[in-house]
Amino acid sequence: MTKYTIEQTKQILPLIPLRGLTVFPYMVMHFDVGRDKSVAALEEAMVKDSHIFLTAQRDIKIEDPTPDDYFKVGTICKVKQMLKLPGDVIRVLVEGINRAQIREITSTDPYFEVEVEEFLYKYEGQIDENKEIVAAVRMVHKNFEQYVKVSDRISSEALLSVSEILEPGRLADTIASYIRLSQERKQEILEIFQPVERLIRLDAMIKEEIELLEIEEELSEKVKSQINQVQKEYYLKEQLRAIQEELGEGDETSSDLMEYEVRLQNKKLPQEARDKVIKEMKRLRTLHPASAETGVIRNYIEWILDLPWSKKSRDRKDLSYARQVLDEDHYGLEDVKERIIEFLAVRKMASKTMKAPIICLVGPPGVGKTSIARSVARSLNRKFVRMSLGGVRDEAEIRGHRRTYVGALPGNIITNMKKVGVVNPVFLFDEIDKLASDFRGDPASALLEVLDPEQNNTFTDHFMELPYDLSNVMFITTANTAATIPGPLRDRMEIIEISSYTENEKYEIAKRYLVPKQLDQHGLKESQLKFSPAALKEVISGYTREAGVRNLERQIANICRKVVTILQEDPKAFTDMHVNKSNLTRFLGPERFMYDKLEKEDQIGLATGLAWTSVGGVTLFIEVSVMPGKGKVQLTGKLGDVMKESALTGMSYIRTIADSISLEPDFHEKYDVHIHIPEGATPKDGPSAGITMVTAVTSALCKRPVRSDIAMTGEVTLRGRVLPIGGLKEKTLAAHRAGIRTLIIPFDNKKDVEKIPEKVREQMKFIFVKSMDEVLKHALV
């Protein structure tokens, strides 16, 4: 056991906190002093015995430290030399004397002054006779020598001077000043007062540093060998290029390969795609420039490098802005707008887990299905790309051709993704209900993978032969009818039905969008051509009959063209045009469409029904004549099979209730019944005219008039039950347009009344019926 005595002495000294420096005893070093307190402390030390206490600052960023900001253990030093530098900076040379600990802070202004206590350890007997000390010193000498070999920062002279030190405390402090340690570790050594303990702790730190230096050396060797390999490859490539130049070949291929390498390094690609490019580049390097395969490989590499693999456009998640954009571009279409706002709201809450929706907009032509997709892209701040599927019958249009074919290219999906340049566009598949198929494959089946959120993150094009992630794409599809979309494809999409516009909606669209657009396209100012509200409504009702607004826009354009012609023929005589109901025929000629007018008197055998067409709802007058005969039922008016069957079902029902409506039991043997629906050139079909036909036939047989102010729609069964129908909104609008304010509709359609515009709904009276008895009760006078 090492025996020693400790002498403790106290003294008061000025203090300088050092930033990023730790001074050990026996260490000679210089540093710069610039802070006012530090300069004052230095001057005070020079006035007395040149002794000063130096300790390390905990945080080097603190400009004006407090007593809590520096360590309590530091080193008593002697100032050896001072040199004033420009900028009020003093360079100081000091020599460490002994470590000491702060016991009391006696002053903090104009400089730090502290009372420190130093500890002097004195060993009993000779140090070289103490086995524990000798062993510790030898161990440290050996490890320090190993450290010097591994490190290139310490000179052999330093190693020689250290090897002559035998006193453990001085040895530990001297070595600690040489090796590269963090400030925390240096402070740890400084705060160990017992010399042997200090030496043992330092030895452990030296071993750790040796391990780190060996690892650094190993990594350095690896990097060096890699650099040598790169230099070797570069040298060989330059030789190869020189040979090819000498032979007059390969210049273009070499420059292309260099360009591909640069692009490959700068582009973020999946590992599989990167490996594929590297493999193809190696093949290209071995091929003769005149080879046909060279062009194929070049084309393939360029497709991979041109495709966006990770580049995204930043989504705008401002819900109020999105709603504003959608409302600016389109009037109505509330279901579509609401679904987009919901998507944005969820995307804002769960952006990482949210999958892009796949929406299918189903509605008649001209209602804005395609244009709403553009508005969706604008509201999301995404790029927009459109692909028309009308008449597409080749699977290769979707998946591309394999590279074995001459002139092979990727399909339209990959082509459009390359064109748009980001991985998250809004992608519109237009007219998805008009896909066809033949011996070249079924494109609808190829779309199953594209439109499935669980699969489209690994969409594989036949040409690319690499999985491509389409999961960030927002797919929107459009169709005129969902009936012709294949079942599996329809199941993958969220269908939003867009009904035809009401007259009021068409008027608002014309006023807000169509008229300003056409005025701008024809170079007219708003003051030069004005439309009265009555004129616009007359154009809508008298010159167009459609679900959307395409023909309406054409008619407005027609008026604009005529006004421009008048202006150009005689500019001086031109006055501002006001189009109103009275002068509308001057521009568009006589009315083209006349809506059915309501019969003013109740009539026998005439009932008003309602029908749905692709251009909206229409009223349907059903006429019935009864005449003596042999029970023959005749149907005219170009009726479809379903409508004919509905009429026969109604006749059978009337026979079952003959007694309750005061008919002879054998009336069906004495009378012929003729059912006719006017506009015979127009095909008609569907079961929704069932109750209307039964009412008209009953009226003719019983000689009871049908109320002319009532219209009706509903399917009838053999037992007289009234079943629900579709298209109630359009049918109600048709009745309202014709002046009818009372409707008889199936009880099960009660829920659909909410979809009818509020202005129309408030003016209508709905009679909900479950059976044919209720219909006859309300309809017959």
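The values are calculated or read from the model by the stated rules, or taken from the named source; none is laboratory data. Quantities reported herein were computed from a predicted structural model and do not represent experimental measurements. Here the Cβ is made from the backbone with ideal geometry for all residues, glycine too, and neighbour counts use every protein chain on show. Calculation scope for accessible area: heavy atoms of the full protein, side chains included, ligands and nucleic acids excluded. Shrake-Rupley method; radii C 1.70, N 1.55, O 1.52, S 1.80 Å.
When restricted to residues that are at pLDDT 85 or above, part of a helix (DSSP H, G or I) and open to solvent by less than 50 Å² (accessible area, probe 1.4 Å), the stretch 376-401 contains 1. Here Leu620, Leu648, Leu635, Leu606 are screened, and the one residue that is under 20 Å from Val716 (Cα atoms), crowded, with 21+ Cβ neighbours inside 10 Å and at pLDDT 85 or above is Leu620.
Considered as a group, the residues in the stretch 517-573 that are under 21 Å from Pro364 (Cα atoms) and assigned to a loop (DSSP other than H, G, I, E, B) include one that is most open to solvent (accessible area, probe 1.4 Å), and that residue is Arg545. Screening the candidates Ser379, Ser388 for the property of being over 29 Å from Val296 (Cα atoms) and small (Gly, Ala, Ser) yields one hit, Ser379.
Condition first: assigned to a helix (DSSP H, G or I), farther than 18 Å from Glu118 by Cα and either open to solvent by less than 70 Å² (accessible area, probe 1.4 Å) or out of contact with any Pro (no Cβ under 6 Å at 6 or more places or on another chain) (or both). Can you find one or more residues in the stretch 72-94 that meet it? No: the stretch 72-94 contains no residue that is assigned to a helix (DSSP H, G or I), farther than 18 Å from Glu118 by Cα and either open to solvent by less than 70 Å² (accessible area, probe 1.4 Å) or out of contact with any Pro (no Cβ under 6 Å at 6 or more places or on another chain) (or both).
Scanning the stretch 764-781 for residues that are open to solvent by 60 Å² or more (accessible area, probe 1.4 Å) and in contact with a Gly (Cβ under 9 Å, 6 or more places away or on another chain) yields one hit, Asp773. Going through (1) in contact (Cβ under 8 Å) with a residue 24 or more places away in the chain; (2) within 29 Å of Glu730 (Cα to Cα); (3) more than 47 Å from the chain's Cα centre (by Cα); (4) open to solvent by 10 Å² or more (accessible area, probe 1.4 Å) one by one, Gly589 falls short only on (1). Would you pick out the residues in the stretch 478-495 that are small (Gly, Ala, Ser) and either in a helix (DSSP H, G or I) or touching a Pro at 6+ places or on another chain (Cβ under 9 Å) (or both)? Hit for the stretch 478-495 is Gly487, nothing else.
In the stretch 110-155, what residues are part of a loop (DSSP other than H, G, I, E, B) and either under 60 Å from the mean Cα position of the chain (by Cα) or at pLDDT 85 or above (or both)? Within the stretch 110-155, Pro110, Tyr111, Ser151, Asp152, Arg153, Ile154 qualify. The condition (being buried (at least 17 other Cβ atoms within 10 Å of the Cβ), among the charged types (D, E, K, R) and either outside any loop (DSSP other than H, G, I, E, B) or touching a residue at least 12 places away in the same chain (Cβ under 8 Å) (or both)) is satisfied by just one residue among Lys348, Lys355, Lys337, Lys317: Lys337. Identify the residue in the stretch 464-514 that is open to solvent by less than 40 Å² (accessible area, probe 1.4 Å) and of a type in the set (Phe, Trp, Tyr) and, among all such residues, is nearest to Leu269 (Cα to Cα). Among those that are open to solvent by less than 40 Å² (accessible area, probe 1.4 Å) and of a type in the set (Phe, Trp, Tyr), it is Tyr468.
In a loop (DSSP other than H, G, I, E, B), at pLDDT below 90, under 17 Å from Thr613 (Cα atoms) and out of contact with any strand residue (DSSP E or B) (no Cβ under 6 Å at 6 or more places or on another chain): is that true of Thr732 in this structure? Walk me through it before giving the result.
Values: in a loop (DSSP other than H, G, I, E, B): no; at pLDDT below 90: yes; under 17 Å from Thr613 (Cα atoms): yes; out of contact with any strand residue (DSSP E or B) (no Cβ under 6 Å at 6 or more places or on another chain): yes.
Considered against the rule, which asks whether it is in a loop (DSSP other than H, G, I, E, B), at pLDDT below 90, under 17 Å from Thr613 (Cα atoms) and out of contact with any strand residue (DSSP E or B) (no Cβ under 6 Å at 6 or more places or on another chain), Thr732 comes out as no.
Would you please name the residue that is nearest to Leu514 (Cα to Cα), looking only at residues in the stretch 314-362 that are hydroxyl-bearing (Ser, Thr, Tyr) and at pLDDT below 75? Checking each candidate, the answer is Ser351. Scanning the stretch 678-724 for residues that are free of Cβ contacts under 8 Å to residues at least 60 places away in the same chain and surrounded by fewer than 24 Cβ atoms within 10 Å (Cβ to Cβ) yields Pro678, Glu679, Gly680, Ala681, Thr682, Pro683, Asp685, Pro687, Arg721, Leu723, Pro724. The set of residues in the stretch 1-46 being under 19 Å from Arg91 (Cβ atoms), outside any strand (DSSP E or B), among the β-branched types (Val, Ile, Thr) and open to solvent by 10 Å² or more (accessible area, probe 1.4 Å) consists of Thr22, Val39.
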